[in-house]
Every structure is written in C-alpha cells, then in structure tokens.
Amino acid sequence: AYERRFPTCPLIPMFVASDTVNEYKSEDEAIHVIERRCKLDIDAPRLLKKIAGVDYVYFVQKNSLNRRERTLHIEAYNETFSNRVIINEHCCYTVHPDNEDWTCFEQSASLDIKSFFGFESTVEKIAMKQYTSNIKKGKEIIEYYLKQLEEEGITFVPRWTPPVACKLESSTSHTRRPVSPAINIPDSATKEGLNNKELLNTSSSPSEPTAGTPDDKLDADYIKRYLGDLTPMQESCLIRLRQWLQETHKGKIPKDEHILRFLRARDFNIDKAREILCQSLTWRKQHQVDYILDTWNPPQVLQDYYAGGWHHHDKDGRPLYVLRLGQMDTKGLVRALGEEALLRYVLSINEEGLRRCEENTKVFGRPISSWTCLVDLEGLNMRHLWRPGVKALLRIIEVVEANYPETLGRLLILRAPRVFPVLWTLVSPFIDDNTRKKFLIYAGNDYQGPGGLLDYIDKEIIPDFLGGECMCEVPEGGLVPKSLYRTAEELENEDVKLWTETIYQSASVFKGAPHEVLIQIVDASSVITWDFDVCKGDIVFNIFHSKRAPQPPKKDSLGAHSITSPGGNNIQLIDKVWQLGRDYSMVESPLICKEGESVQGSHVTRWPGFYILQWKFHSMPACATTNLPRVDDVLASLQVSSHKCKVMYYTEVIGSEDFRGSMTSLESSHSGFSQLSAATTSSSQSHSSSMISR
C-alpha cells in the first residue's frame, strides 16, 4: 500500500513525480532498498520562487524494507538548496513488541535554515505548513491505498520465510525471542493501527498466555470481557497512556477501565486525556476520595431528606440511580449542610457507582463502565432555582465532569414541568457535549408511551411512584426543618474542615523563588520520607543540610507573582547570602521531576541539624546538537505559564529507634489510590541509604 504512492500520488498535489535512482534486493529477498528522486511543487509565493530561481524542489527518499526484522525505514533529505537549507526526515514502521496485531509508526524531522536571500522566516513558515499538512493527511492516504487493495481482493500478504538453505541457520541464530521469525512489512506497515487478524492466524509464533488474566492486558478476550469493543488505534492509545503512567506514577496505576474513560472523554487524544487524568489523580489523592466509602458517614439529614438512591439496573445491565429531584428541598439541604457536604455525598454516590459497575461486569459477563440515572422532576418549582442551590449544583457538576468522565451511560429526565427550561438554561452550559447527548427528557406522562421508560428499564423494576409495581426504597425527601439550618459562619467553618482533611500540602514554585520545607533532626540515623506530585510545570528537587537554623520563613508576596490559589503557598528558607559548601551542603543529587510525575523517597540522616527540602523551578536547556529547541521543550515552556509550577507534598520523619519495621517499606510507592489502582507490591525490607523512587 505504501509503495502505491509512487511514482506520483493524486492525494498529494505537490508531489509531481519521482524517478528511481538506485535499487537493491538481497538474494533471499529479505532486504529491499529503493532510492528515489522526488519532484515537489511547493506552495510558496511566486515572488519567492522567482528570487530563488526555481519552480520545483527535489528531495531524495530512501526506503529500506527488512522483511526479516519486520521494519520499514524511510529517510528523506532535500537536494535543492542543500547548501542553504537542511531538511531531514525519518519515518519508521515496526510491529508492536507486545501485540503482533498492531503496527507502530514513528516520525521525526529537523529543519536548519542557514540563509535564504533574507526570507529565512518565510521559508520556515512554509516548511512548517507543508509538513503539518502532510502529517494530517498521512493516515488518510495509507487508508486510501489499503481500501484500493481490498477492492482488488488483496487483504493480506503471506509473511516472508527464509529459503530452505537458510532455515537451519535461522533456527540456531534466532534464539532470543521466538516471536516473529518472518514478516510482511508492506501489509503490516501500512495498517497504522488497522486490524490484521489474517496475518496473525498464518503465523507460527507460540501461543499467548491464557486469555482474560489481569497480567495479560493486551489479550483480545480480556479486552472484550472487561473493556468492550475497541479499535486497534484505541487499544494502542490505552497501552501508551498506561505505559506513561507506569513510568511516572509508579504504584498508582488506575485500572484500564478508568484510564479508558478519560480517553473516551477526549476522543482518544492522548495528550488531552493525560492532562485531565493527572489532574484527577492528584485531586483524588489530595482529598482522599478513595477512602470516602469506608471512612465517611453521611449526616443524618442527608439520609433522611436526600431523595436519591440505587435501584436495580437497566436493560443493558447498568446500575440504575433514581433521584427524585422535584421532591428534594435543595435550599434546606444547602442551608443545613453547606455546599461541601453535598458535594462529598455526591462523590460517595459516584464511588459507589464505580463499584457497582465492576460488580455488574462480573454478573453479566460483559463490560459495564457506566450507570443510568433516572431523575423525576415532579414537584420542581421556583424554590429549586434558589441561587445558592443552583451554585452548589453547578459546582457539583463541574467536579463530577472533571473526575468521573464517561460514567453516565444515560440520563432519563421524567415529568419535566414548565420551570425546567429555566433550570436547563442555567445548567446545560456546564455539561460536556458528549454527556448532553445522553439526556432523554420527557414532559408530563410521555415517559409511559412509545420510546419511553419501558425501552430502557424492565417493567418489573419500574418504581411505584412512576406507576410501576416495584417498591422503591429511595427516601421521599420533603422539607428540611428550619431548626436544622445553620449560620453562614458555621457552614463556612464546616466547609473548611471537610476539605482540609488531607495530609498533603500545596505549594507554588516560581522562577527564582523555590519552595522550601525545614525539618529539624535531633538524632542521627533518622529517616526523612517524602511523597509529592508535580501538578504543573517541571521542578528540581533538592535536599540540603545546615548546622545552623535558617531565618524564620518568609512567604513570597502575593503581588510579586500574582498568586491567586488559596492553597498554593511559597516559603523560602535559604538566605541569599548563604553559600553552598560553607553555610549549607547538598546531601542528595538533584532530581528533575516532570509535570504529572509522582515521586516518593527517603533519606537516612547522617548528622543532626537542619534539613531543607527544596522544590525549584526547572528551566529547559536548549538541545545540545542543534540550534532548534526540542518539541517537548517548546510544549513544556508553553504549559508553564508565567514561570509558575505547583507541587502537592507530604513529608514525615521517622525516629532512628522506630526505623526498623515502622513502615512496610520506605521504597513503597503505594498511596491513596486503593480502589482505582491495581495491586501494588512493596518491599518488606528497610533500607539504610537514601533513595528516590518514582
């Protein structure tokens, strides 16, 4: 399919023609190298072409196919103006090391403009425009030729096998990994994530591990049983994001089902999904959401007057949550409990929903990752539009949307009154477009007719208050007695209490203004432990020791760096006049931590005195081999707005007499992701030397 774009390709208008310059084939036909000279009509201003004295530019492209190693390497460089502009591009198609049904594609390029008649900036923009356009069309072009092949009846090409004379030699030399002794690269290389079951069925590779086991996440039966129908591209996105989490969030990897929710919420855009997933993991850890079902008991007012609860399941096996919003005194609940208590209760409902999804997946034998919500609006009136109540509702929607994406399978809104459009106008802008598509709204008794409730819920479990025969144990709600109302001051204090129940602290880090924490050690051989998450930007983590105490900590002025977050402080302890090596010393090598990483570690102190943990802004170094910055560096610099970073940290000191056996392991990365993380193993031995684990 890839070869079909030559000698010219109608899908690439600027690709005018190409000529074969050199071609080589090995005797066993495993290696095929072909070099072409390609003629391109660059979309550039006519004046620039006239000044340059050319109408077309020429590139040399070299394609190296290795059927034995199952790789296709594509190299290209410019021939025209090579003394003024240097362009190099490299593409590589390979077979995924963990799943032979997938094709990996990698592409990189560099541009170095030495001089171009004073139009260097224009040439750079043109080159970037053309390159971006080609990247966007790459997959479309390869799929076009694949479809063309399928229409001709070609759906696969047999793998390359060595000639008979080479088989003995091959069998003795390839003992490392008997996975793929042969390949058909043109077919596999052009898949770009497309399925290739036929190719797998013809291979003679050893059988895979037993299907459906937790350790075999790539197994097709496991995916079908627990994750549902995924395209190869979606599977690849899941594996890549999980692998990134394994590298940066050691010991805190959410289950595949949870990672998949965030990918679906961002249409499998890995960068966007990674961003919101990291923010959510940090949020869960900071507020100990994983423990909410085990450690938090809802106030009696909620149990009596919150008109919502779980009620069997819908026809698709999704857990069913019933909310009688019209019967609920939202104003009374907010006045009696406050916004934060309501939010925490909704979070506990969502956590229970995740648990029920896992249970129903086991019961029904198919993946169930979302639930159905039935909202009865009978009784909804202007009282429900009380401004603080609407504000609390919007806050709850915002938090749920950010941390529980793709958990709502369907929302059935029944008996919507005339006042509902007013509420919908206030609320709908805060609801994600994908979520909004799942809403079904019925006015009056329309839910009893065709296309109504019976299409989604079995007749036997329709609640009695909706005309069904099933007794629903959801509280009926009612007015909250005013005797239970609390003052604004009481509610404010309660709100602070609820959301400061965390062992973690937040800090802001600025360029030139690190955040520092002082720890005084009386007994040598004590152990300083730390656990922190880099929420924003890249930082450098240092540990220093000083025999004398630094001056009282000074907080960075709010005006200097425009700090607006109430939870993000900045404390500096090391005086400007202190000199490293004289007034204080470094006791651990600096550790560069990237945005989104979780870092846990410990240090066994050698001397008493004052230890300072420091988080410092990390400036991106320029690439050493080229004047051009790396793409990762550019993206990182864009993300760190106003040179500000943010960390969330926890530190603890263990006395020398309590060191042995006081923790399961100083090396353990296990923390507060008990429900969403896979089982984490930890060492049972304590270490007597400093270490940092990621």
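The values are calculated or read from the model by the stated rules, or taken from the named source; none is laboratory data. Values in this document were obtained by computation on a predicted structure and should not be read as measured data. Because the Cβ atoms are built from the backbone with ideal geometry, glycine has one as well, and the counts that use them run over all protein chains shown. Please note that ligands, DNA and RNA were not included when accessible areas were found on the heavy atoms of the full protein model with its side chains. Shrake-Rupley method; radii C 1.70, N 1.55, O 1.52, S 1.80 Å.
Tabulated values for the structure
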{"quantity": "Test: R410 is touching a strand residue (DSSP E or B) at 6+ places or on another chain (Cβ under 7 Å), of a type outside the set (A, V, I, L, M, F, W, C), modelled with pLDDT of 85 or more and within 26 Å of D304 (Cβ to Cβ)", "calculated": "no"}
{"quantity": "Sole residue being free of Cβ contacts under 8 Å to residues at least 60 places away in the same chain and part of a strand (DSSP E or B), chosen from V363, V399, V375, V346", "calculated": "V375"}
{"quantity": "Subset of the stretch 439-474 that is in a loop (DSSP other than H, G, I, E, B) and surrounded by 17 or more Cβ atoms within 10 Å (Cβ to Cβ) - its residue that is farthest from the chain's Cα centre (by Cα)", "calculated": "G468"}
{"quantity": "Members of the stretch 106-154 found to be open to solvent by 60 Å² or more (accessible area, probe 1.4 Å), of a type in the set (S, T, Y) and either more than 30 Å from the chain's Cα centre (by Cα) or farther than 20 Å from Y77 by Cα (or both), listed by number", "calculated": "S121, Y144"}
{"quantity": "Unmet criterion (only one of (1) modelled with pLDDT under 85; (2) surrounded by 18 or more Cβ atoms within 10 Å (Cβ to Cβ)) for N542", "calculated": "(1)"}
{"quantity": "Within the stretch 577-619, considering residues that are aliphatic (A, V, I, L, M) and in a strand (DSSP E or B), the one modelled with the lowest pLDDT", "calculated": "V599"}
{"quantity": "Residue list for the stretch 415-438, filter: open to solvent by 60 Å² or more (accessible area, probe 1.4 Å) and over 39 Å from the mean Cα position of the chain (by Cα)", "calculated": "R418"}
{"quantity": "Qualifying residue in the stretch 120-129 (condition: among the aliphatic types (A, V, I, L, M) and part of a strand (DSSP E or B))", "calculated": "no"}
{"quantity": "Some residue of the stretch 295-306 being more than 12 Å from the chain's Cα centre (by Cα), among the β-branched types (V, I, T), modelled with pLDDT under 90 and surrounded by fewer than 21 Cβ atoms within 10 Å (Cβ to Cβ)", "calculated": "yes"}
{"quantity": "Selected residue (criterion: farthest from the chain's Cα centre (by Cα)) from residues of the stretch 588-609 that are among the hydrophobic types (A, V, I, L, M, F, W, C) and open to solvent by less than 30 Å² (accessible area, probe 1.4 Å)", "calculated": "V604"}
{"quantity": "In the stretch 68-82, residue surrounded by the fewest Cβ atoms within 10 Å (Cβ to Cβ) [restricted to those that are hydroxyl-bearing (S, T, Y) and part of a loop (DSSP other than H, G, I, E, B)]", "calculated": "S82"}
{"quantity": "Residue check for R284: within 16 Å of the chain's Cα centre (by Cα) and either without any contact (Cβ under 8 Å) to a residue 24 or more places away in the chain or open to solvent by 60 Å² or more (accessible area, probe 1.4 Å) (or both)", "calculated": "no"}
{"quantity": "Verdict on T330 being under 16 Å from L394 (Cα atoms), in contact (Cβ under 8 Å) with a residue 12 or more places away in the chain and in contact with a helix residue (DSSP H, G or I) (Cβ under 7 Å, 6 or more places away or on another chain)", "calculated": "yes"}
{"quantity": "Pairs where the first residue, in the stretch 522-549, is over 22 Å from R606 (Cβ atoms) and the second is open to solvent by less than 10 Å² (accessible area, probe 1.4 Å) and among the charged types (D, E, K, R), C-beta under 8 Å, 6+ apart", "calculated": "D533/K285"}
{"quantity": "R4 among the basic types (K, R), in contact with a helix residue (DSSP H, G or I) (Cβ under 9 Å, 6 or more places away or on another chain) and open to solvent by less than 30 Å² (accessible area, probe 1.4 Å)", "calculated": "no"}
{"quantity": "Pairs with Cβ under 8 Å, 6+ apart, first in the stretch 479-508 and open to solvent by less than 90 Å² (accessible area, probe 1.4 Å), second assigned to a helix (DSSP H, G or I) and at pLDDT below 70", "calculated": "R486/E494; S508/H561"}
{"quantity": "Those residues of the stretch 350-361 which are open to solvent by 20 Å² or more (accessible area, probe 1.4 Å) and either at pLDDT below 90 or polar (S, T, N, Q) (or both), in sequence order", "calculated": "N360"}
{"quantity": "Hits in the stretch 1-22 (condition: modelled with pLDDT under 90 and either acidic (D, E) or in a helix (DSSP H, G or I) (or both))", "calculated": "Y2, E3, R4, R5"}
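Listed here are the residues, each with its yes/no results for (1) at pLDDT 90 or above; (2) open to solvent by less than 60 Å² (accessible area, probe 1.4 Å); (3) more than 35 Å from the chain's Cα centre (by Cα).
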| site | (1), (2), (3) |
| --- | --- |
| A52 | no, yes, yes |
| N63 | yes, yes, no |
| R84 | no, no, yes |
| N88 | yes, no, no |
| T94 | yes, yes, no |
